[in-house]
Amino acid sequence: MYIPKLRESPEKARITHFKAAVAKYLALRGITKESLISSLHMSRTSFWEKMNNPDSFRVGELRQLYSLLDFSEDDKNILL
């Protein structure tokens with residue numbers, strides 16, 4: 001029995017792209033997730049909740065995240 005794969009919703013795709021961008025910049029910059037979390041001054045739980053729901057990041061937190069990881073202008077627009 002063939003069951004077609006459901007298309008990912010635009011919101012789910014945006015979250016997946018955001019997570020992938022963070023992972024990419026962590027690897028490019030040689031920064032560990034733990035040091036990023038520490039630099040953002042948040043708990044691991046808060047960080048992972050925000051990664052799973054990026055809209056819950058405060059503007060200041062996103063700016064700090066983008067600055068710490070030196071996001072490109074294109075990747076900064078993922079959440080817009």
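Points worth noting:
- So Met42, is it more than 16 Å from Asp74 (Cα to Cα) and over 12 Å from the mean Cα position of the chain (by Cα): yes
- Residue list for the stretch 39-73, filter: closer than 15 Å to His17 by Cβ, open to solvent by less than 30 Å² (accessible area, probe 1.4 Å) and in a loop (DSSP other than H, G, I, E, B): Phe57, Phe71
- Selection of the stretch 12-30 for residues being open to solvent by 50 Å² or more (accessible area, probe 1.4 Å) and over 16 Å from Asn77 (Cβ atoms) yields Lys12, Ala23, Ala27, Leu28, Arg29, Gly30.
- Residue in the stretch 17-28 that is part of a loop (DSSP other than H, G, I, E, B) and either touching a residue at least 12 places away in the same chain (Cβ under 8 Å) or basic (Lys, Arg) (or both) present: no
The values are calculated or read from the model by the stated rules, or taken from the named source; none is laboratory data. All figures in this text were calculated on a predicted structure; none of them were measured in a lab. Don't worry about glycine lacking a Cβ; one is built from the backbone with ideal geometry, like all the others, and counts go over all protein chains shown. The area values use the complete protein model at the heavy-atom level, side chains included, leaving out ligands, DNA and RNA. Shrake-Rupley method; radii C 1.70, N 1.55, O 1.52, S 1.80 Å.
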